[in-house]
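The values are calculated or read from the model by the stated rules, or taken from the named source; none is laboratory data. Here the structure is a predicted model, which means the values were calculated and not measured. Note that each Cβ is placed from the backbone with ideal geometry, even for glycine, and that neighbours are counted across all protein chains shown.
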Amino acid sequence: MICPHCEARLPARERTGRVCGRCRQPFALEPKTTRGLHDLRLRRAVERLGDGGRVVLTVEQLRWAFHGSGTPGHVPGKPPTGRPVPPTYENPAVMAALVVAGAALLTGAGYLLTLPIGFVVLSLTMGGFGLIALYAGVTELVRLPRRRGQLAAHQRAELAWQERNERQKQEEARWTSPLGHGGTWSAAEFRRSVVERWIAVHGALPAGVVEESAVRPAAPVGPPALAVLCPDPTVTAFLHANGFPERYRAVLVATPGELPEDLPVVVLHDASPQGCLLAAEARAARPDGTVVDAGVSARAVLAAGERAVQLYEHQLRAPLEERLRRLPALTEGERAWFGRGLWSPLAAQPPKRLLAVAERAAERALQRHVGFLSWPVPEVPQ
């Protein structure tokens with residue numbers, strides 16, 4: 001990594017204790033414990049995401065910028081544990097052969113004992129092998145009558161295991177196929193490993209980054225001219241932090257029931273069935289009004305492919321399919337993508353692009369033009 005103070009390139013041995021071995025200044029992020037994230041990389045990301053300081057972003061948006069992108073991989077299902085092991089038995093012919101061989105060896109050993117003293121060792125050896133073979137054969141033959149009962153018990157246990165396996169498969173079929181989440185930051189982990197460490201070393205968040213809880217919503221000056229429907233508190237805080245409500249005299253609400261009367265509406269939502277239904281509910285609530293759907297579309301996420309943040313939600317297939325039936329405008333590709341339980345969050349969009357799209361949608365709504373806004377390919381900071 002490069003020291004954020006003296007810009008020296010530091011190998012691992014020169015940054016012990018998160019202190020630069022050259023200038024002896026502390027730094028916040030150790031790449032080995034923060035998935036390659038270091039101070040300069042985070043600062044460059046804030047500069048790029050904030051468009052050179054012109055856009056304020058939230059901590060949650062910063063986390064999404066370093067969240068793993070691409071389609072989550074499939075997680076193979078595991079069969080139930082405790083499958084019974086079938087009992088093992090020697091073939092009866094082998095058992096008989098062991099008895100015969102043991103008896104033959106013992107007979108030969110007895111014959112050798114009648115010969116001169118030099119054959120004693122050979123006789124004892126043959127006798128030992130004969131006893132082992134005879135014992136093994138007789139033991140298996142004695143156990144043979146119990147074989148039927150043990151096989152029946154195994155068959156019952158195997159049948160019970162097969163029934164558990166079938167029930168598990170039926171239960172799994174009720175849910176979307178499980179997908180993985182490798183390489184992602186959780187909100188708690190990002191705060192603990194990055195945000196808190198950064199504040200401890202540098203005294204404050206990077207310039208241009210704010211906590212969602214520190215943003216104070218501001219009411220528009222004068223009568224409202226626009227309503228923005230957005231259920232995501234991160235995006236709502238982001239719009240307030242950038243003065244969007246003041247510039248467009250906008251009221252920001254989280255549910256369709258909170259929409260004021262007689263105002264054009266801009267809908268901001270995730271690329272998810274719930275998000276698409278939110279836009280449909282807003283149109284149903286304003287059948288004669290202006291509603292601009294500026295949410296993230298599944299079409300744009302599919303076009304971005306592995307560069308887009310794609311998340312998986314484990315959910316029942318039946319309710320999901322019911323929601324998708326209420327969205328007839330979806331293409332087959334979008335329907336299949338949603339049907340796998342995938343979605344993409346609005347807050348993961350690059351902040352400067354999110355603000356630009358919200359502003360463009362507001363202008364369109366205020367001009368009483370209804371149109372469809374799609375998202376360009378998202379950016380991923382390096």
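Residue-wise test of (1) out of contact with any Pro (no Cβ under 8 Å at 6 or more places or on another chain); (2) surrounded by 15 or more Cβ atoms within 10 Å (Cβ to Cβ); (3) modelled with pLDDT of 85 or more.
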residue	(1), (2), (3)
4	yes, yes, no
8	yes, no, no
24	yes, no, no
53	yes, no, yes
67	yes, yes, yes
86	yes, no, no
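Can you give me the number of residues within region 39-64 that are small (Gly, Ala, Ser) and closer than 21 Å to residue 189 by Cβ?
Taking region 39-64 as the starting set, the residues that turn out to be small (Gly, Ala, Ser) are 45, 50, 52-53.
Restricting the remaining residues to those that are closer than 21 Å to residue 189 by Cβ gives 45.
Selection size over region 39-64: 1.
Answer yes or no as to whether residue 278 is on the phi < 0 side of the Ramachandran plot, free of Cβ contacts under 8 Å to residues at least 40 places away in the same chain and crowded, with 16+ Cβ neighbours inside 10 Å. Here the answer is no, as residue 278 does not meet what is asked.
Conditions tested, residue by residue: (1) surrounded by 17 or more Cβ atoms within 10 Å (Cβ to Cβ); (2) in a loop (DSSP other than H, G, I, E, B).
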residue: 196; (1), (2): no, no
residue: 218; (1), (2): no, yes
residue: 222; (1), (2): no, yes
residue: 231; (1), (2): yes, yes
residue: 237; (1), (2): yes, no
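Regarding residue 327, is this residue in contact with a Cys (Cβ under 7 Å, 6 or more places away or on another chain) and not in a loop (DSSP other than H, G, I, E, B)?
Numbers: in contact with a Cys (Cβ under 7 Å, 6 or more places away or on another chain): yes; not in a loop (DSSP other than H, G, I, E, B): no.
Spelling it out, it is not the case that residue 327 is in contact with a Cys (Cβ under 7 Å, 6 or more places away or on another chain) and not in a loop (DSSP other than H, G, I, E, B).
So, residue 366, is that one over 16 Å from the mean Cα position of the chain (by Cα) and buried (at least 17 other Cβ atoms within 10 Å of the Cβ) or not? Against the criterion (over 16 Å from the mean Cα position of the chain (by Cα) and buried (at least 17 other Cβ atoms within 10 Å of the Cβ)), residue 366 qualifies.
Under the condition of being touching a Pro at 6+ places or on another chain (Cβ under 9 Å) and within 27 Å of residue 342 (Cα to Cα), the residues counted in region 125-166 number 1. When each of 355, 311, 346 is tested for being in the same structural domain as residue 209 (by TED's automatic domain parsing) and over 19 Å from residue 67 (Cα atoms), the lone residue that passes is 355.
Quick one: is residue 206 in contact with a strand residue (DSSP E or B) (Cβ under 9 Å, 6 or more places away or on another chain) and over 29 Å from residue 72 (Cα atoms)? Here the answer is no, as residue 206 does not meet what is asked. Do we find that residue 257 is surrounded by fewer than 22 Cβ atoms within 10 Å (Cβ to Cβ), closer than 25 Å to residue 326 by Cβ, free of Cβ contacts under 8 Å to residues at least 60 places away in the same chain and out of contact with any Phe, Trp or Tyr (no Cβ under 7 Å at 6 or more places or on another chain) in this structure? It is true that residue 257 is surrounded by fewer than 22 Cβ atoms within 10 Å (Cβ to Cβ), closer than 25 Å to residue 326 by Cβ, free of Cβ contacts under 8 Å to residues at least 60 places away in the same chain and out of contact with any Phe, Trp or Tyr (no Cβ under 7 Å at 6 or more places or on another chain). Taking region 178-226 as the range and being modelled with pLDDT of 90 or more, of a type in the set (Val, Ile, Thr) and more than 29 Å from residue 292 (Cα to Cα) as the test, the residues that pass are 194, 195, 199, 201.
Contact map, region 230-254: residues that are more than 14 Å from residue 362 (Cα to Cα) paired with residues that are polar (S, T, N, Q) and assigned to a loop (DSSP other than H, G, I, E, B), Cβ distance under 8 Å, separation 6+ or inter-chain. Pairs shown: 231/255. Of everything in region 25-75 that is in a helix (DSSP H, G or I) and touching a Phe, Trp or Tyr at 6+ places or on another chain (Cβ under 7 Å), the residue that is farthest from residue 177 (Cα to Cα) is 39. Given the condition closer than 21 Å to residue 176 by Cβ, surrounded by 13 or more Cβ atoms within 10 Å (Cβ to Cβ) and touching a helix residue (DSSP H, G or I) at 6+ places or on another chain (Cβ under 9 Å), answer yes or no: does some residue in region 206-214 qualify? No, region 206-214 has no match at all.
One line per residue, one yes/no per condition, for (1) more than 23 Å from residue 240 (Cβ to Cβ); (2) basic (Lys, Arg); (3) surrounded by 20 or more Cβ atoms within 10 Å (Cβ to Cβ); (4) in contact (Cβ under 8 Å) with a residue 24 or more places away in the chain:
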{"site": "303", "(1), (2), (3), (4)": "yes, no, no, yes"}
{"site": "310", "(1), (2), (3), (4)": "yes, no, yes, yes"}
{"site": "315", "(1), (2), (3), (4)": "yes, no, no, yes"}
{"site": "319", "(1), (2), (3), (4)": "yes, no, no, no"}
{"site": "328", "(1), (2), (3), (4)": "yes, no, no, no"}
{"site": "338", "(1), (2), (3), (4)": "yes, no, yes, yes"}
{"site": "346", "(1), (2), (3), (4)": "no, no, yes, yes"}
{"site": "359", "(1), (2), (3), (4)": "no, no, no, yes"}
{"site": "362", "(1), (2), (3), (4)": "no, no, yes, yes"}
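Every condition in (1) in contact with a helix residue (DSSP H, G or I) (Cβ under 8 Å, 6 or more places away or on another chain); (2) in contact (Cβ under 8 Å) with a residue 40 or more places away in the chain holds for residue 267 except the one numbered (2).
Let's see how each residue does on (1) surrounded by 13 or more Cβ atoms within 10 Å (Cβ to Cβ); (2) modelled with pLDDT of 75 or more:
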site	(1), (2)
95	yes, no
118	no, no
121	no, no
132	yes, yes
135	yes, no
140	yes, no
145	no, no
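Among the criteria (1) without any contact (Cβ under 8 Å) to a residue 60 or more places away in the chain; (2) farther than 27 Å from residue 55 by Cβ; (3) touching a helix residue (DSSP H, G or I) at 6+ places or on another chain (Cβ under 9 Å), the one residue 167 does not fulfil is (3).
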